[in-house]
Every structure is written in structure tokens, then in C-alpha cells.
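All remarks here apply to the structure that follows.
The values are calculated or read from the model by the stated rules, or taken from the named source; none is laboratory data. None of these values were measured; they are calculated from a predicted model. Because the Cβ atoms are built from the backbone with ideal geometry, glycine has one as well, and the counts that use them run over all protein chains shown. Areas reflect the complete protein model, heavy atoms only, side chains present, ligands, DNA and RNA absent. Shrake-Rupley method; radii C 1.70, N 1.55, O 1.52, S 1.80 Å.
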Amino acid sequence: MLQTVLLLVAVVQVCHGAACVDSNVQTCLQALEPVARNLNRTAIPGDTTLSVQVNVTFDAEKKDISICCKDYSYPAKTFNLNPLSSDLALAADTFTMPAVEFKSDGTLMGKYYTLLMVDPDVPFPTYGTDARPLQHWLIINMMDGNITSGHTVNGYRGPRPPNQSPHYYFYLLYEQQSLMDNNTPFKYNGSCSSTCLFDVSAFRTENNLTLVGLNWMVSANDAYVNNSYVQSGSRTPKDVCQWTPGYADPCPTSTAAILLSKTVLCILIMSLAAAVINI
């Protein structure tokens, strides 16, 4: 499935270039719609017609991490999400809340909007499925396309794929027909938490929401995710490092460290021998 979609993305890239970071809104949306439909996701109706470009910009800070017997470095970077790119978005670079901007050839004024981010690829069906994905962000009642004017139901939570399979993360923009009660979204959650098993279809249809904008990224497990699990105490180093080549518990001592230890030992022995001779 993933390979088929990436092939379609590659074809679109050849025809349209980096269309969804282009200033031409219509070019972006026309390139995006067929790719989105072919993803065959419950959150994206087959008759979806997009009218708003959803720009997502990350400003990632530099990160240095030591985990699984290795050192990792992630340089600082600023980048826009482009769903028509076949590149993976590193979880380390998308862990903090992005800036989101809406653009349209029409008007955004005088309307309310909802922004929903979901992960439909959770490997644990008690937390999320394609039909009822895990919720990562939800803001309702955004006036005039201004994200800061809305009510945050659940704050942004970056990607944390616990397994080795890539996960899709969708940013869904809905046009509302009227102001929504702040407590309404909670009725569509599963029993496990305020974010798990979110019933996207029922939320959309029962509240007369229309999907008008869309963006997404594909992210995978990385050292930053594994370190966050260990730091939170939710998983052990052995759990998160089992797929890392060269991992052992305890970590193997490097050749350089072994040579250094031997050198120090030799110096100590020579010093001791010299002390004995002087006696």
C-alpha cells in the first residue's frame, strides 16, 4: 500500500514539482486531491474537494541524543510539510507544535473551522485504527481561518511511532456550519483516553463538517522517539532498542575505550614497578 502511494506521489512530483509549497493554491490542491483519494483512508471521503491549502511549518531545534549504545545528532532546521514529497518527516524534527496557515483563492472570512490531526496507523487497536484513529491535535471554532482564535480541545502531540512501520499523520481542516460547543468532541473518543479511538466519520457527519483542507506527513520511529519513551518511563531501553544494530545490554565498550584502559593500566603498573625498585 505504502509503495503504491509513494509511486503515485513520484508521478505527481514529476508533473507538478513541489506543488504544495507553491504560492499557487489551485495548483497545489489539484495535485493533492487524486493522491489523497488514492490513500483510501476513512478520514478522507472519496468525494473530497479541497478549497483551502493547509501550510504546516516546523522550526526544529538541534538535538543530541545518546541511546541504544549510539550517539545521534539532529541539526536545527526549518521546513514546510509537502505531502507530495516521498521523504519521511523525522519524528525528531516534528515533535514540537508547528505553525499552521490557511490559504484559499476564495474567502476564509466569516466562517468557523476545525483543525484535526490524527494517526490512523497505530499498531494497537485498543488505541487507534483507520476508522477510529489516535488523535494528536484538535482545535475547533477557528474564526476566519485564524488558528489562534480557536478553542484547543487537545494540544499538539508530535509523532511517536512505537514500531518500525511508517505512520501517516493527517492534518484535516473542516469548515463548520456553526459554532460548536467546546465539549462536543469528547463524545467521539474511545473509553481509553481523551485522544484514542476518535470516531472521525461520526464527528464529521453529525456536526455537518466539510473537509476543505488537507496536509500530511509520513514519519517513522527514530532515536528521539525511543529516548522520549525511556525518559517518560513508559518503555525500557531494551524494549526500544531491540531493532538497533549493535545494541547490547550493557553497551559494548568501544575499541578506543579498551585501548585507553589498557594504556592507563600499563602506566600504573610501570609506576608501581618503578616505586618498588626505588624502595
- Item | Verdict on Ala89 being in contact (Cβ under 8 Å) with a residue 24 or more places away in the chain, part of a loop (DSSP other than H, G, I, E, B), in contact with a Ser or Thr (Cβ under 6 Å, 6 or more places away or on another chain) and under 21 Å from Asn227 (Cβ atoms) | yes
- Query: Which condition does Thr152 not pass, out of (1) more than 15 Å from Trp216 (Cα to Cα); (2) part of a strand (DSSP E or B); (3) in contact with an Asp or Glu (Cβ under 8 Å, 6 or more places away or on another chain), if it passes all the others?
  - Reply: (3)
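May I ask you to verify whether Asn208 is modelled with pLDDT of 95 or more, outside any helix (DSSP H, G or I) and surrounded by fewer than 19 Cβ atoms within 10 Å (Cβ to Cβ)? Before you say what the answer is, go through the steps one by one.
Working: modelled with pLDDT of 95 or more: yes; outside any helix (DSSP H, G or I): yes; surrounded by fewer than 19 Cβ atoms within 10 Å (Cβ to Cβ): yes.
Here the answer is yes, as Asn208 does meet what is asked.
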- Task: Keeping to the range 20-50, report how many residues are of a type in the set (S, T, N, Q), within 24 Å of Asp130 (Cα to Cα) and assigned to a loop (DSSP other than H, G, I, E, B).
- Result: 4
- Within the range 195-205, considering residues that are touching a residue at least 24 places away in the same chain (Cβ under 8 Å) and open to solvent by 20 Å² or more (accessible area, probe 1.4 Å), the one farthest from Asp121 (Cα to Cα): Arg204
- Query: Which is at pLDDT 95 or above, surrounded by 14 or more Cβ atoms within 10 Å (Cβ to Cβ), more than 16 Å from Tyr168 (Cβ to Cβ) and under 12 Å from the mean Cα position of the chain (by Cα), of Phe58, Phe102?
  - Reply: Phe58
- Message: I'd like the full set of residues that are in contact with a Ser or Thr (Cβ under 8 Å, 6 or more places away or on another chain) and open to solvent by 30 Å² or more (accessible area, probe 1.4 Å), limited to the range 178-194.
- Response: Phe186, Cys192
- Looking at Leu214, is it out of contact with any His (no Cβ under 6 Å at 6 or more places or on another chain) and part of a loop (DSSP other than H, G, I, E, B)? no
- Task: Tally the residues that are loosely packed, with under 15 Cβ neighbours inside 10 Å and assigned to a loop (DSSP other than H, G, I, E, B), restricting the search to the range 132-149.
- Result: 2
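Quick check on the range 117-128: of everything there that is under 16 Å from the mean Cα position of the chain (by Cα) and part of a loop (DSSP other than H, G, I, E, B), which residue is surrounded by the fewest Cβ atoms within 10 Å (Cβ to Cβ)?
First pass over the range 117-128, keeping only residues under 16 Å from the mean Cα position of the chain (by Cα): 117-123, 128.
Of the ones still in play, those that are also part of a loop (DSSP other than H, G, I, E, B) are 120-123, 128.
Details: Pro120: 22, Asp121: 21, Val122: 21, Pro123: 12, Gly128: 25.
Applying the filter and picking the extreme gives Pro123.
When the residues of the range 105-116 are filtered to those that are part of a strand (DSSP E or B) and not aromatic (Phe, Trp, Tyr), which remaining residue is surrounded by the most Cβ atoms within 10 Å (Cβ to Cβ)? Please lay out each step first, then the result.
Applying the first criterion (part of a strand (DSSP E or B)) to the range 105-116 yields 112-116.
Checking the rest, the ones that are also not aromatic (Phe, Trp, Tyr) come to 114-116.
Numbers: Thr114: 24, Leu115: 20, Leu116: 26.
Result: Leu116.
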- Task: State the number of residues belonging to the range 67-86 that are without any contact (Cβ under 8 Å) to a residue 12 or more places away in the chain and open to solvent by 80 Å² or more (accessible area, probe 1.4 Å).
- Result: 1
